Amino acid sequence: MNPVRLVAAQEWRLMWRSHVARLALVMVIALSALAALTSIAHRDQSDGLRARFQAQADREFDGQPARHPHRMVHYGHFVFRPLPALAAFDPGVDGFTGNTIFLEGHRQNSANFGDVRQSSLLARFGQLTPAFVLQVLGPLVLVFVGFGAIARERESGTLRFLKAQGLSAPRLIAGKTLALGGIAAVILLPALLSLGWLVAGEAAPLPGAVLLAACYSLYLLFWVLAVVAVSAMARDARSALLSLLGLWALATVLVPRIAPDIALAATPLPTRLETDIAIHEDLRRIGDSHNPDDPHFAAFKAATLKRYGVSRVEDLPVNYRGLVAMEGEKITSQLFDRYSNAQFASQKQQSSMATGFGLLSPAIALRSASMALSGTDLDGHKRFLEQAEAYRYAIVQALNRLQAEAVTYADDGNRNSDPEAARRVRIDPKHWHEVPDFAYRSATLGERVQAAIPGMAMLLLWFLAGVLMLRLAARRVGEAL
């Protein structure tokens, strides 16, 4: 039998005899399987709930009776972000950023109702995902199972005995690596099965699932190489365990925890209150459609009268109030876009800085690639906000245009004093039916892969670092034989 396979087989027998190794392996497999089942159930429940609420919101909007168009502007509309299929594997930022937006005139609302704010037991338990198990618990199990792979041989004095039998250091290292790699494959198996189910049953993109599997395989393979290398270079098993636990804590807990705080301190964001105050100050400076003496709208009125060749707004062929509403919505939306784009730019800078810490932590590198491939990263949330805002603006301007074209200026001015005018300004509800439903367009596979490239590149660097560590460890073991 091949010496490498003999070493691996012997290592597997030793692992199986260890109660700690058996218990740790069984627990992580059970957690991984449970995480896969609950995450898929949670994703299906959440996506189904969003679809039902979206259909209900569409029906209620379409079912409104005859109203003044501007009343419909303030009635508003809800839109919900549908979950990508791979969100069951890695929910990413979705549970924290929110998934629902209320659309109304003169305002650009933020998303709300994130899963982590809900009290549902399923929502809480849904945070135990296959991604979390593999990113955090998988490496810990590999540490406990493999910390003594080489150090144990050194402590028992069997290294020279192995040399006498003709076993070289590279073959010994290869056999130990193969044994621990087999354990990593077992840990990865439930997650791979869940990805297969998402592809077959949830229409997840196969290339994206394959890339996800490759990223997690590379991540666990790095830990396999690191565990064997540290075990080979440590003086004894206790030193190897302490060193590996320190590496695990630093890479999966400490650095991922402080990286966002450092990014936030480097690029602070204004609070919601500060942003609202700044927007209102800018609106007063740019133009207030409710102020008849506002310079911007005084100029807008003069330009409108000149364009239609009349001297009074009463003589316009359209309702001037509707034109003012359209102009007001245009300038406020441009202002909202300017502030939101500045916020997105700051958030992107924060995200890039936090991702850069992937050079210090393979867990951060993996998390970045995983969220991007799953479609649950910050770019996915930004895409939803931008599409929702474009939809809001189109709806509001369509309703303002109805006010300008379907309601006369005289009736609009007399609707609060003349019952007949109030009746005439309520236009046919068929116009609400003509408003198209919101259709979210998720990122293409190419866009997801492009977003995942930095994380995947850093994962590859960590793998190469693991290979280098293993080569150095093999040289040290060779000197000891």
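Since every read-out is calculated from the coordinates, none of them should be taken as a lab result. Just so we're clear, the structure is a prediction, and the values are computed from it rather than from any experiment. Here the Cβ is made from the backbone with ideal geometry for all residues, glycine too, and neighbour counts use every protein chain on show.
Quick one: divide the alpha-carbon radius of gyration of segment 1-116 by 2.2 N^0.38 Å and tell me what you get.
1.88
Which whole-Hz ³J(HN,Hα) couplings does segment 317-325 yield from phi under the Karplus relation 6.51 cos²θ - 1.76 cosθ + 1.60, θ = phi - 60°, glycine and proline marked x?
So the Karplus estimates, Gly and Pro as x, are x, 10, 6, 4, 4, x, 5, 5, 4 Hz.
Viscosity 1.306 mPa s, temperature 10 °C: what is the translational diffusion coefficient of segment 436-479 from Stokes-Einstein with a Kirkwood Rh over Cα pairs, rounded to a whole number of µm²/s?
Once the numbers are plugged in, D ends up at 115 µm²/s.
Only four residue types carry charge here, +1 at the Cβ of Lys and Arg and -1 at the Cβ of Asp and Glu. Report the dipole size of the chain about the Cα centre in Debye, rounded to the nearest 20.
Its charge dipole is roughly 2220 debye.
As I understand it, the dipole of the chain uses +1 on the Cβ of Lys and Arg and -1 on the Cβ of Asp and Glu, about the Cα centre. Which of PRO362, LEU468, SER18 lies farthest toward its positive end?
Toward the positive end, the furthest listed residue is SER18.
Positive end of the charge dipole of segment 282-433 (Lys, Arg +1 and Asp, Glu -1 on Cβ, about the Cα centre): tell me which of ALA372, PHE336, GLN350 has its Cα farthest that way.
So the residue we want is ALA372.
As a test of the formula, what do you get for the chain when each DSSP H run with n ≥ 4 contributes -39,500 (n - 2.57) and the sum is divided by the residue count, at 222 nm and rounded to the nearest 500 deg cm²/dmol?
Rounded to the nearest 500, it is -23500 deg cm²/dmol.
Charges only on Cβ, +1 for Lys and Arg, -1 for Asp and Glu: so what's the dipole of segment 223-294 about the Cα centre, in debye to the nearest 20?
For segment 223-294, the charge dipole is close to 880 debye.
Based on Cβ point charges of +1 for Lys and Arg and -1 for Asp and Glu, what charge dipole magnitude is obtained for segment 302-415 about its Cα centre, in debye rounded to the nearest 20?
Computed charge dipole of segment 302-415: roughly 220 debye.
Could you order the peptides 62-71, 98-107, 219-228, 261-270 from most to least packed, using the average number of other C-beta atoms within 10 Å per residue?
The densest-packed peptide leads the list: 219-228, 98-107, 62-71, 261-270.
Out of these labelled values of log10 I(q)/I(0) by the Debye sum over Cα atoms at q = 0.05, 0.07, 0.10, 0.14 Å⁻¹, (1) -0.22, -0.42, -0.81, -1.36; (2) -0.17, -0.34, -0.72, -1.47; (3) -0.30, -0.52, -0.83, -1.28, which was calculated from the coordinates shown here?
Step by step, log10 I(q)/I(0) by the Debye sum over Cα atoms at q = 0.05, 0.07, 0.10, 0.14 Å⁻¹ for this structure corresponds to label (3).
Among CYS215, ILE187, THR177, flag the residue with its Cα farthest along the positive direction of the charge dipole of segment 122-229, charges on Cβ as +1 for Lys/Arg and -1 for Asp/Glu.
So the residue furthest toward the plus end is THR177.
Identify all aspartates and glutamates with a Cα-Cα distance to LYS176 below 12 Å; exclude those on the same chain that are fewer than 8 residues away in sequence.
Within the straight-line limit of under 12 Å, LYS176 reaches these aspartates and glutamates: GLU11, GLU153.
Any lysines with Cα under 24 Å of the LYS382 Cα? List them, leaving off those in the same chain fewer than 8 positions away.
Reachable lysines: LYS330, LYS348.
Name the long-range amide H neighbours of PHE78: under 5 Å, sequence gap of 5 or more, or other chain; modelled H, no Pro or chain starts.
Those lying under 5 Å, H to H, from PHE78 are LEU103.
Using the Karplus equation 6.51 cos²θ - 1.76 cosθ + 1.60 (θ = phi - 60°), what ³J(HN,Hα) coupling, rounded to whole Hz, does each residue of segment 94-104 give in order, writing x for Gly and Pro?
Along segment 94-104, the couplings run 4, x, 9, 8, x, 9, 10, 10, 8, 9, 8 Hz.
Using the number of other C-beta atoms within 10 angstrom as an exposure proxy, rank MET456, MET371, MET233 with the fewest first.
The fewest-first ordering by Cβ neighbours comes to MET233, MET456, MET371.
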